[in-house]
Structure formats: structure tokens, C-alpha cells
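Visitor: This is the structure I want to talk about, given as C-alpha cells.
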Amino acid sequence: MFFHAHPDDEALLTAGTMAMLAAEGHRVVLVVATSGERGQADLEPGEALGAARMAELYASAATLGCARVVNLGYGDSGLAPGGGIADDRPDNAFIDADAEEAAQRLAAVLTEEKADLLTTYDPAGGYGHPDHVQVHRVGGRAAEIAKTPIVLEATVNRDPLLRGLRLVRRFYPQLDIRAFERAYSPGEVITHRVGVRRFARQKRASMAAHASQATGADTRTLGVMLKIPQPLYRLVFGTEWYVRRDVPLGSRLRHPFETPPRG
């Protein structure tokens, strides 16, 4: 089971792994906390945008081979203009939800699916979005309740990310990479480096399914990523990274179900 905050997060962080596991015959379930109705897009924030983004999520999930999509139904907390928690968030904002109650709801899905693996986010929520931080809290607790044996924190290896973004900036000098300089995780703590180049086509199609998130601002990260030439795309997005806290940090594991050899 892959737990994300908003539609399109799965495309950016875990799409290759999802497609790989589905191809291996695993039942892959995608859960989002919100419909992403406060995202930037040509549509005004609200129910219409949320419905559009959920339709995009279902299209993405079909591309990746998901067997089921679940929306927990919380409100998109949005971001304050300078980042952080927005003051004008909705009454049911995910960031304001009782973490234990939300974890119980997610645990019910984990139990129903008999899931043996759950992905969440790293403690900082990747780039710090409040909903992503809440995914880390809620996901970890849900796995405890459901006794899910494997919990992987989806992240990005900050080191090659910055190298790749600097390369992309040669073609798109307007791309601002400062927000990524302290985001995600350094390579020294990452335990799983999952090679997904064989599934680059599905990952790119997953990104493309979220068309609304390639619009709505002068420069959208997703839009820029989709313009990267295919050979460079496979290089930049050919690995997905995870941290598993119950194995030695810095382990070099290659598959979500792999564990370090004993001794």
C-alpha cells in the first residue's frame, strides 16, 4: 500500500516502484489523504479542482497497475504564501485531523488488504508540506496498529536530485532549486535504492495524467519534468529512494522487500 497526501505525489515519488510491484504480481493499493483541491491549477481551488485531480489520480493508478484507489476524504491543507501551514485552510484540513483517528482509518484499510508493506514519507515530509508531514505521522502509527511488517519512507536522495536539477536549469534557467537544497534525505541515511528505469514509460505516463498540476503558475515542477528528453528522463528518474528505520541506515538494498543479510 502506498500512502500519499495528494494526487500527483505518487507520480513524483513512487510510481516506478508501484509499476514494478504490479508487474511482479503484487496487489498494489494507492491511498491519498486528500483530493488536492487547493493545488495550483487553471481551475479555481475547490470541489471542481478536487474532482479533476481525483480523475487524474485514477488515470495515473490505471497506468501503474493499481488494483484499488482510496481517498480518506480529508481537506487539502494548502500552503501559506511563504510555505508552512496556511491560515485559511478548510475545517477538515488533514493537518488538523486527529492523528490517532486518521491512523485508525488507514489501519482499517491496511488490515482489510492484509498489506505487508506501507510507504509513507520521511519526517520532514520531503519538501516540508504540512500534509506530507502528517502522512509521516499517520502512516507510521497506522502501521503499528495494523502490525504492517514493512514501512518504507518515500524520499529522494538529495545529492543526485540537486545535480539533476542543476543540469535541467541549463535548459530552464527560470527553475528555482533553492527549496530543494534542504529537502528530502541525504544519501547516507537512505536504505533502499529501487531501480525503476524499466518502468520509466509508466512513471512518465503517471506524471502526464496529472495535467492540472503542470499548469497554474509560471513554472510548475511537474511541467518542467515532463519536458525532459526521454533518455535524460530515464537517467534522472530511474531510481526511487526509501528509508526503512528498522534496518541499518545507509544500507544499500535494491527491492522494497529486501532486507540486509544477517550477520
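The values are calculated or read from the model by the stated rules, or taken from the named source; none is laboratory data. Treat the numbers as computed from the prediction; the structure is a model and nothing was measured. Glycine also receives a Cβ, built like all others from the backbone with ideal geometry; neighbour counts cover every protein chain displayed. We work out accessible area using only protein heavy atoms, side chains counted, and drop any ligands, DNA or RNA first. Shrake-Rupley method; radii C 1.70, N 1.55, O 1.52, S 1.80 Å.
Visitor: Which residue pairs have Cβ atoms closer than 8 Å, lie 6 or more positions apart in sequence or on different chains, and pair a first residue in the stretch 244-263 that is part of a loop (DSSP other than H, G, I, E, B) and modelled with pLDDT of 90 or more with a second residue that is among the small types (Gly, Ala, Ser) and open to solvent by 40 Å² or more (accessible area, probe 1.4 Å)?
Guide: Here the result reads Arg254/Gly195, each pair linking the stretch 244-263 to a residue that is among the small types (Gly, Ala, Ser) and open to solvent by 40 Å² or more (accessible area, probe 1.4 Å).
Visitor: Every residue in the stretch 51-64 that is open to solvent by 40 Å² or more (accessible area, probe 1.4 Å) and in contact (Cβ under 8 Å) with a residue 24 or more places away in the chain, please.
Guide: The answer is Ala59, Thr63.
Visitor: How do the pairs read when you match residues in the stretch 103-127 that are farther than 11 Å from Thr148 by Cα with residues anywhere that are assigned to a strand (DSSP E or B) and modelled with pLDDT under 95, using Cβ under 6 Å and keeping only pairs 6 or more apart or on different chains?
Guide: Correct list of pairs: Asp122/Ser185.
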